[in-house]
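This report concerns only the one structure given below.
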Amino acid sequence: MKATTLSNLIAMVLLLFSGTMNARDIYFNEDFSDGAIPAGWTTDDASGQNAIWTYCADPNSGQVNGCPRLWDDALNLQGPFAATTATNGFMTLDSDAYGSLLNFHVSRLTSPPIDLTGTTAVYVEFNGHIGAFTVNPNVGALLQVSVDGGSNWTDFLPYPTLVTGSPVPPDIRWSFNPSMTSIDISSLVAGQANVLLRWQWEGNFEYHWNLDDVVLTNLPDLIFVDGLDSTPP
């Protein structure tokens, strides 16, 4: 039997890596580059206070034209949204812009129906940047998934360790910028023909939650670790 040399072993690993990369299929992709909220996407506030998600065309613009404030002060040290395609537009929930509301806002951004018939494995991935002041994002910020047209929803936690407090990322007040989330939703959506995704934030006078580069795929991106906000970019 031939001994496996180091060079042969490296070649085998590279071949396996190449095959894995080639097998990555994209079922759905939205980079919010249409100049407005894309057709089929909706936003609402279940609290009835009209604290809704808005479209931002320029991450550097500051709190105008639907864009969030730049929290680049000495306390927060947050730059403009740094998602992969943030400069061609993204969605944001600027909780700070709505001020202190009578009740907590329950602001929701919902995708159009997505047909995943024929799939066996599905990961949802997206770039985000969230800052919280009142409600811990590990309970208030949700990714929700429905397979029945929105009658029932299953909750997932994009920021399971993120809480309020002094602004020291990654686990207090601010997520990384961008925070790259990947969640395996296969058991819920694989093979389903009417899948909805919904980003819901319950809060009051928080900072903002930015969202961009939404992807549904059969394999997680290799830059993600454990599918959660676990390593800086």
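Here are the numbers for this structure:
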quantity	calculated
Extension gain from A36 to T117, taking 0.36 nm per residue of separation minus the Cα-Cα distance	26.3 nm
Label point distance in nm, R24-T85, each placed 7 Å from Cα along Cα→Cβ	1.5 nm
Computed FRET value (nearest 0.05) for D58 with F133, which takes r as the C-beta separation and R₀ as 25 Å	0.55
Alpha carbon Rg of segment 26-217, scaled by the compact-globule rule 2.2 N^0.38 Å	0.97
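Bear in mind these aren't lab numbers, they're just calculated from the coordinates by the rules spelled out. Model, not experiment: these values are computed from the prediction. For neighbour counting, all protein chains shown are included, and Cβ atoms are generated from backbone atoms with ideal geometry for every residue, glycine included.
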